[in-house]
Every structure is written in structure tokens, then in C-alpha cells.
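A quick write-up on the structure given underneath.
Computed from the coordinates by the stated procedures, all read-outs in this text should not be read as laboratory data. Remember, predicted model here, so these are calculated numbers, not experimental data. Methodologically, a virtual Cβ is constructed for each residue, glycine included, from the backbone with ideal geometry; neighbour enumeration extends over all protein chains shown.
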Amino acid sequence: MGNTTGFLQHTRELPQKRNVEERLTDYKEFVLAYTDEKLNQQAGRCMNCGVPFCHNGCPLGNIIPEFNDAVYKKEWKNAYDILISTNNFPEFTGRICPAPCESACVLGINQPAIVIEEIEKHIIEIAFEKGFVKARKNIQRTGKKIAIVGSGPAGLAAAAQLNYAGHSVVVFERDDLPGGLLRYGIPDFKLEKWVIDRRIKFLEEEGIVFTCNANVGVDISITDLLREFDSIVLAGGSTIPRNLNITGREINGVHFAMDFLKQQNKRVSDLSTTLSKEDGEEIFAADKNVVVIGGGDTGSDCVGTSNRQKAKTVTQFELMPMPPTNRTAHMPWPQFPMILKTTSSHEEGANRQWATATKEFIADEKGKLKALKIVDLEWKITEEGKPASFVEIADTEREIPCELALLAMGFVHPQHEGLLKQLEIELDDRGNVKATEKDYQTNIAKIFTAGDMRRGQSLVVWAISEGRECARNVDAFLMGESLLEGKDWCK
């Protein structure tokens, strides 16, 4: 490594952010860039460790020490080439990845880990600024046609790789614009949509065709796709949200989190005129007591969005007990630690309550939500340190004011009605499309699947990895072999 003692000279330091008062007035990204000096220092902290566990921690197998070294030496083209060799969209993962690579960083054993995610984002933004990112146009075509259903991160990664292999790729998206979860599920304050548009422009220049407002199985016949395309990749994501079927669920004011987030994303992108019946009634948090039920990233995004909509109060419930603030004996390095996570949205203001269950939604005389009935829980912890079961704590049942409840409890499986049922695609015991990690092939030989539709709700970085691996298997299916990059080296 360029600076073998960098980790002794400097500690982990994240970029500065715009102050809370300012960033709550808009939906723009608020994490600022490093100065050249700070970026150099942070990249220089990367150790010359014997076994770089960060490789294994990253679902994409990013070659992290090598690009850190290139950044330290200010070899920007080399850093970009290393990064893009394993990751099609570092501008996405550099903004919204929870960075499992950092949890596996060897330095993290007794010091704060390298800021890998931020360095990744800086590499790709510098590459765009310096003109290193160019559309590949000298692609020798194979004559094979592939349809990608879904334009989220898995679909985009599969499309990019299959296009590089020389196949003609058409991506079908049922929404107004491509991007899937990236565009409609992630708030702009975490990922501004010009970042997606910039990448889509390059993909189009490389020859990929995007067909939007095209719901395959509804607007477009699956029979036509089967006839016209040599292979089909299903990358529609896990879209059926987990419900909370308790008394009062039907009351006006109880909504799924993704409906709330999608509407606001459309407003920010000047797409509010395209809100349809499927989007439901318009949902606003302004001047309301908002309760977000669910403690994950989607719930955190609801907190940040509610604060920007000027909610009266924002409370976030989590059924599970509060996790520890540091690793315990039950979560040793380099495992991904289930520790307390405080997001930028929490920093902006939220009352977080742990081990709390919602028992009933309560309506006012007009049938609108006015309160929640909740209760505190006591959890039994196993010898492995994991919550196993709970009981309600006596005399803790109470009502709290709430005019907007947002259900952010994750997703159970992809939509079965329509496309999957028409194709008679086999499902696994969790309701996801059945396909092995070995070949990503469904029970119909020419149809493959990737991303959350196959593995269930997961991370964007896993979706990109799935799309890449699926593409390699599609390419091999069509051509007998594939020269696309894969992760065999780390298996």
C-alpha cells in the first residue's frame, strides 16, 4: 500500500453534512465531498493486511485495497478501472449501501474501519468529472435478443452485462421511468434522481432499449415476449409489503411506507401528475403525529420524509429490543454486526421506541385515524444473544395520538398475480421465484430471475451482484459459455 502507516496517523473521518435546519428545507443530498487532503488521508488508512476480508464482505467482491491504494496515489483512471471491473453502478452503492465491506475490514478489529463506501462514491464522481466514464459502442452483436422485466438495480445490472456480451437487450418497466426501487423507493436526499438519469443515458447510448409504462402480463403479452426473445430475465423485485392485520387496519390514515415514499419521490421529480389510482390517495405528513412502524432503512426513509413534510411529531416503533451499540461475543468480526444504527434521518429528529407492539388503530368520529393502542414487550434472549420470544408487559397498554401510521415492516415476496401466474413459474417456500444461485434459471428453460424476486428483500448491492451473476448464466445458456466477469474466484 502507498501509505503503510496511514491507519496509525489518521482515524476514520466521515465527510461533513449540511446542517439539519438547512437540509430539512429541501430534498437534495446533504453529504458533502471530502477535500483532496481528507480523501487522501482516508484512502491511506487502508492497511497492507495479509487477507483483505473486505473482499468477502462485499457481495460484489469489490477489489477494495487496490482501489484505495490508487486513490491514495491519485491514480484516478486506475482507481476507476478497478472499481468498475466488479461494480456496474458505484454511484448507487456509494450512496445507499450499508457497506458490509466495512464490517469485514481487518482494521475494524481494533480501530474504526476504512470509509470504503465514501471512497467508492468519490472515485466514480471523479471519474465522471474527468471524463473516464464512456459509453461502450464498439460491441460485436450476437443476434440474440433478451427481455429484462424490471428496471431496478438487478435488472439494470443484468441488462448492462448482457449488452456488453453483445446481445440486444430491451428493459420493460411498468412505471413512468426506469430505476425501480432506486427511483421510487429511495428518497432524493439519499439518492438524487439525476444520478440515475445520468447512468440510464449511458446505458441507452450503449444500445439498451428502455420501454416504460409497460406492465408485462397486463399491457404487454407474455406470449409475445416468449416468441420474440431468446431469453427473459425476471427482475421485478419483492413488491408485496408485509401487512399489520390488527383492528382498525382499514381506517383512513394507515398506509404502506412505500406508497408514501413513492408519492413524494414523484412530487420531487415533477411526476406528481402521473399519480394514478394504483398510487392511492395522496399521503402527507404535514401537521400530523406520524408513527412509523418498522425499524429498518425504509422506516428511516419515512422519518426523513415526514420531517421534510413538516410533521408535528415523528415516532418510530420497532418490535425487537434495542440492539447493542457495539459488537458482542455473539457477533465477532468479520460477521456483519446487528448493532444500533443511527441514520441521518434519526439525527434530524425522531422518537425511537424499541420492544413496542401496535395492537389497534383507533378512528375518530369521522373515520380518520386519531390514535394507536400500543404495548411494551419483554423479550426472552437465547444463549446466542438473539431475541427468541416475547410477552406483553402488564399495565403498559396505552394510547398515543397518531393521524398518520406508516407500515415499514418489509416485503414478503414478489407479486404473484399477473406475470408469474400466467407463466406458471414455480415459487419457493417463501413465495419467491424458485431458482438456484448456481444458474438463476426458473422451471422454464429460457426464463431466468435475479434480485429480490429470487432471493427476497435484500440490499441494492446484492441486487447488482445478482443481476451480474444472472447475466453470466443467461449468456452461457445462449452461447454455450460466457466470458462475463463473475465471482468464481471467491467461492
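List of remarks:
- Stretching the chain fully between Met322 and Arg398 yields a gain of 25.3 nm (0.36 nm per residue, less the alpha carbon separation).
- Least to most buried among Cys402, Cys101, Cys49 (fewest other Cβ within 10 Å first): Cys49, Cys402, Cys101
- Residues Asp475, Asp395, Asp297, Asp81 arranged by fewest to most Cβ contacts within 10 Å: Asp395, Asp81, Asp297, Asp475
- Dipole of region 243-409, positive direction: furthest Cα of Ser269, Val290, Pro323, with charges on the beta-carbon: Ser269
- Going from the fewest other Cβ atoms within 10 Å to the most, the residues Arg12, Arg227 appear in the order Arg227, Arg12.
- Rounded to 5, percent antiparallel among DSSP beta bridges of the chain: 40
- With R₀ set to 51 Å, the beta-carbon distance separating Arg267 from Ala135 gives a calculated FRET efficiency near 0.95.
- For Ala388 and Gln335, the difference between the fully extended length at 0.36 nm per residue and the C-alpha to C-alpha distance is 17.1 nm.
- Whichever aspartates and glutamates have a C-alpha closer than 13 Å to that of Lys380, once near sequence neighbours (fewer than 8 apart) are set aside: Glu392
- Computed [θ] at 222 nm, helices only, for the chain once each DSSP H run of length n ≥ 4 contributes -39500 (n - 2.57): -9000 deg cm²/dmol
- Over all directions, the projected convex hull of the C-alpha atoms in region 243-409 averages 11.5 nm² in area.
- Sequentially through region 442-448, phi angles give Karplus couplings (6.51, -1.76, 1.60; θ = phi - 60°) of 7, 6, 9, 3, 8, 10, 10 Hz, Gly and Pro residues having no value and appearing as x.
- Modelled spin labels at Ile444 and Arg249, positioned 7 Å past Cα toward Cβ, are 3.1 nm from each other.
- Segment Arg227-Ile240, length gained on full extension (0.36 nm per residue, minus Cα span): 1.8 nm
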